[in-house]
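Where a number appears in this text, it was derived from the coordinates with a stated rule and is not lab data. Not measured: the values here are computed from a predicted model. Glycine gets a Cβ as well: all are built from the backbone with ideal geometry, and neighbour counts include every protein chain shown.
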Amino acid sequence: MAQVTNLKAGDFSRLLKAVAQLVRFPVSKMWIDYDEEADVLYVSFRRPQRASDSILRDDGIIVRKRGKEIVGLTILDASTR
């Protein structure tokens, strides 16, 4: 896991480019975790919880559901997107 002290000036610029997309997303809170070794990004729309079902899409995104509600996404090969 990256330490906050490892942030560089260019990191802020990249984050700011993502902000415009994030604020338009239909949820107000998200939990984001990145596993660098596996190159997998986990995005949860509720406090991280176990999904009761998941769907692997053709584009390498796993949609995690609990009942009929989407509770998160798992994005494979995240660094190449």
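Where a ≥ b ≥ c are the square roots of the eigenvalues of the C-alpha gyration tensor, would you call the chain rounded, which needs a/c under 1.5, or, failing that, prolate if a/b is larger than b/c, or oblate?
prolate
Add +1 for every Lys or Arg and -1 for every Asp or Glu among the other residues with Cβ under 14 Å from the Cβ of Arg47, and state the total. Numbers along the way, then the final one.
Details: positive: Lys29, Arg46, Arg50, Arg64, Arg66; negative: Asp33, Glu69.
The answer is +3.
Please give the charge dipole size of the chain, origin at the Cα centre, charges +1 on K and R Cβ atoms and -1 on D and E Cβ atoms. Round to the nearest 20 debye. Before the final figure, lay out each step's value.
Details: 14 positive and 11 negative charges, 114 e Å.
That gives the chain a dipole magnitude of about 540 debye.
Below 20 Å, Cα to Cα, which aspartates and glutamates can Lys68 reach? Residues fewer than 8 away in the same chain don't count.
Asp53
What distance in nm separates the two pseudo spin-label positions at Trp31 and Arg46, each 7 Å out from Cα along the beta-carbon direction?
Here the modelled spin labels are 1.1 nm apart.
Any idea what the relative contact order of the chain is, in percent, if you count C-alpha pairs under 8 Å spaced at least 6 apart?
22 percent
Under 27 Å Cα-Cα from Lys17, which lysines qualify once same-chain neighbours fewer than 8 residues away are excluded?
Hits, sequence-local ones excluded: Lys8, Lys29.
Using 1/(1 + (r/R0)^6) with R0 = 22 angstrom and r between the beta carbons of Arg14 and Asp77, what's the FRET efficiency to the nearest 0.05?
Working: r = 18 Å, r/R0 = 0.82.
The value I calculate is 0.75.
As an exercise, identify the trypsin sites (Lys or Arg not before Pro) in segment 1-53 lying in DSSP coil whose Cβ has no more than 10 other Cβ atoms within 10 Å. Mind dumping the intermediate values first?
Numbers: sites: Lys8, Arg14, Lys17, Arg24, Lys29, Arg46, Arg50; in loops: Lys8, Arg24, Lys29, Arg46, Arg50.
Passing sites in segment 1-53 are Lys8, Arg24, Lys29, Arg50.
Would you mind getting me the FRET efficiency between Lys68 and Ala38? Use the beta-carbon distance for r and R0 = 22 Å, nearest 0.05.
0.20
Below 13 angstrom from the Cβ of Lys65, what's the summed charge of the other residues (Lys, Arg +1; Asp, Glu -1)? Don't jump to the answer; show the numbers that get you there.
On the way: positive: Arg46, Arg50, Arg57, Arg64, Arg66, Lys68; negative: Asp53, Glu69.
Combined, the nearby Lys, Arg, Asp and Glu give +4.
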